[in-house]
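Here's the structure we're looking at; comments come further down.
The values are calculated or read from the model by the stated rules, or taken from the named source; none is laboratory data. Worth saying up front: this structure is predicted, and the values here are computed from it rather than measured. Note: ideal-geometry Cβ built from the backbone for every residue, glycine included; neighbour counts use all protein chains shown. Just the protein is used for accessible areas: all its heavy atoms, side chains included, with ligands, DNA and RNA removed. Shrake-Rupley method; radii C 1.70, N 1.55, O 1.52, S 1.80 Å.
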Amino acid sequence: MNILEKIRLTKIQIEDIKSDINSPDKLEQFRIKYLGRNGLINELFEEMKSVDKSVKAPVGKSLNELKLFAQKIFDEKKSDFEKKNDGMADIDVTLPGRTFNLGSKHLISQALEDISRIFERIGFKVYEGLEIEDEYHNFDALNTPEHHPSRDMQDTFYVKSEVKDKRYLLRTHTSPAQIRIMENQPPPVRVIVPGKCYRNEAISSRSLSMFHQVEGLYVDKKVSFRELKGTLDYFAKEFFGKELKTRLRPSFFPFTEPSAEMDVECYLCKSKGCRICKYTGWLEILGCGMVDPNVFEFVGYDSEIYSGYAFGMGIERTLMIRHGVPDIRMFYENDIRFLKQF
Ligand code: DAH
């Protein structure tokens, strides 16, 4: 069979199988068989090298035509398949979807943000204090003198320091931020300070050596105890729920006079009395009071002109109350089953 005949037959063959190319796999087989590097058409080109010079031109012409013909069929079929599959030939839409585990904010961070937002709405600014404090800011300037029990080595983590005559420590509460703020600006002051605190506690279901507090401070002319009560009431209703009542009980803190503690009605038993509230119907959530004039002395505010209130609350405790968490350690064990609930 001469080469021209072979070309003619190949074309007939292609025309014949054209309608059988009904899948991308078959199209690929077609490409390999005819258009591939070792395919039939390239074989014919090889063969053409040895034909007589006189017929080279017509042979070359019809061979090129054959190649274009095969290529055209290939291109048409290919674009047909792409259209049909909308470019998603490899996707099996019947497979179940893949789930992504999205991270989320830790319950403690969420609470710190929620509380900050609640106070920001009534004009408080959020301030970050220092986690490593000196004794002066953590104790002395807060009217907590040398002999006060909370200065005992048992409770406080002291930090090694090269500075002479000055002892540093991990702050035991957020209250030293009150001093830092007042030292740095004149009244009025209206701030909220969320952050970590540290105490050298025996670890148990109720205490850890690291925990969080939110501190509040408002100083201006004629700030009254009534405003303190109103503000804390607003907070408790926003944070715990509108239907829960609050109450203030007299208490003592060295840096406030008078001092009080605020209780919120037990959310679990609605103040009927249960195990969580130790059958009192109330849960203690924060300490507060009017800033002691001695504290104003330390920061150079005139206590004849200015008055103020302060408050501080433990976040872990508050959340244990709000969500009925039985053990404080659960917040930091990173057990996904616990964290996922919030
Ligand atoms: N700092 C106190 C504590 O850690 C809490 C506290 C009580 C803060 C009364 C205050 C306050 O600002 O006025 O127990």
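Over all pairs of distinct alpha carbons, what does the Kirkwood formula give as the hydrodynamic radius of the stretch 204-334, in Å?
About 15.9 Å for the stretch 204-334.
Using a Debye calculation, one point per C-alpha and no hydration shell, please list log10 I(q)/I(0) for the stretch 281-342 at q = 0.13, 0.17, 0.22, 0.24 Å⁻¹ in order.
-0.57, -0.69, -0.88, -0.98
May I ask you to evaluate 6.51 cos²θ - 1.76 cosθ + 1.60, the Karplus curve with θ = phi - 60°, for each residue of the stretch 261-275 and list the ³J(HN,Hα) values in order in whole Hz, giving x for glycine and proline?
Listing the rounded values in order: 10, 9, 10, 10, 3, 5, 5, 6, 9, 6, 6, 7, x, 8, 5 Hz.
For Ala260, which sequence-distant residues (separation of 5 or more, or a different chain) have an amide H within less than 5 Å of its own amide H, given hydrogens modelled in the peptide plane?
Amide H to amide H, under 5 Å and 5 or more residues apart or across chains, Ala260 pairs with Ser251, Cys288, Gly289.
How big is the dipole moment of the chain about its Cα centre under a simple scheme where the beta carbon of each Lys and Arg is +1, that of each Asp and Glu is -1, and everything else is neutral? Debye, nearest 20, please.
1400
What ³J(HN,Hα) values, in whole Hz, does the Karplus curve 6.51 cos²θ - 1.76 cosθ + 1.60 give for the stretch 100-106 when θ = phi - 60°, with x put for Gly and Pro?
Using θ = phi - 60°, the values come out as 9, 8, 7, x, 8, 5, 5 Hz.
Between their Cα atoms, which of Lys125/Lys270; Lys53/Lys77; Lys237/Lys272 are more than 30 Å away from each other?
Lys125/Lys270; Lys53/Lys77
For Lys56, give me every one of the lysines with a C-alpha distance below 21 angstrom, ignoring sequence neighbours fewer than eight places off in its own chain.
Hits, sequence-local ones excluded: Lys6, Lys11, Lys67.
Output wanted: per-residue J couplings in Hz (rounded whole) for the stretch 21-28, from phi through Karplus 6.51 cos²θ - 1.76 cosθ + 1.60, θ = phi - 60°, x for Gly and Pro.
7, 10, 8, x, 5, 5, 4, 5
Under 5 Å between amide H atoms, partner at least 5 residues away or on a different chain: which partners does Ser271 have, H built in plane at 1.01 Å?
Residues meeting the criterion, in which the H sits 1.01 Å from N, are Cys266.
Normalised by the empirical 2.2 N^0.38 Å for globular proteins, what value does the Cα Rg of the stretch 78-199 take?
Expressed relative to 2.2 N^0.38 Å, the Cα Rg reads 1.97.
Could you tell me what % of all Cα pairs in the stretch 205-268 have separations over 20 Å?
41
Non-local amide H neighbours of Lys245 (under 5 Å, H modeled in plane, Pro and chain starts lacking H): which ones?
Glu265
Going toward the positive end of the dipole of the chain, with +1 on Lys and Arg Cβ and -1 on Asp and Glu Cβ, which of Ser205, Gly230, Phe45 do you reach last?
Phe45
Return the calculated 222 nm mean residue ellipticity for the chain, to the nearest 500 deg cm²/dmol, obtained by summing -39500 (n - 2.57) across DSSP H runs with n ≥ 4 and dividing by the residue count.
-11500 deg cm²/dmol
Just subtract the alpha-carbon distance of Ser62 and Glu47 from 0.36 nm times their residue separation and send over the number in nm, one decimal.
Length gained, Ser62 through Glu47: 4.0 nm.
Cα to Cα, under 17 Å, and not fewer than 8 places away if on the same chain: which aspartates and glutamates meet these conditions relative to Lys61?
Filter leaves Glu5, Glu43, Glu46, Glu47, Asp52.
Ignoring ligands, DNA and RNA, how do Met1, Met48 rank by accessible area with a 1.4 Å probe, largest first?
Met1, Met48
What does the convex hull of the Cα atoms come to per residue for the stretch 3-85, in Å³?
Hull volume normalised by residue count: 72 Å³.
Determine, from the Cβ-Cβ distance of Arg121 and Asp220 and an R0 of 25 Å, the FRET efficiency 1/(1 + (r/R0)^6), rounded to the nearest 0.05.
0.85
Between Thr99 and Ile305, what length comes free when the chain is fully extended (0.36 nm per residue of separation minus the Cα-Cα distance, one decimal in nm)?
68.0 nm
Give the Kirkwood hydrodynamic radius (Å, one decimal) of the stretch 144-188, defined as one over the mean of 1/r across all pairs of different Cα atoms.
Every distinct Cα pair counted, the radius reaches 12.5 Å.
Using the scaling law 2.2 N^0.38 Å as the reference, what is the normalised Cα Rg of the chain?
Against the empirical 2.2 N^0.38 Å value, I get 1.99 for the chain.
Kindly state, to the nearest 0.05, the FRET efficiency for Gln341 paired with Glu113, given R0 = 22 Å and r defined as their beta-carbon distance.
0.80
Using a Cα-Cα cut-off of under 26 Å, which lysines could be cross-linked to Lys160, ignoring same-chain neighbours fewer than 8 residues away?
In chain and number order, the partners are Lys196.
At a 1.4 Å probe radius, carbon and sulfur cover how many percent of the accessible area of the stretch 3-85?
Exposed carbon and sulfur together represent 51 percent of the surface.
Under Stokes-Einstein, with the Kirkwood radius over Cα pairs standing in for Rh, what whole-number D in µm²/s applies to the stretch 1-156 at 10 °C and 1.306 mPa s?
Using the Kirkwood radius from Cα pairs, D works out to 66 µm²/s.
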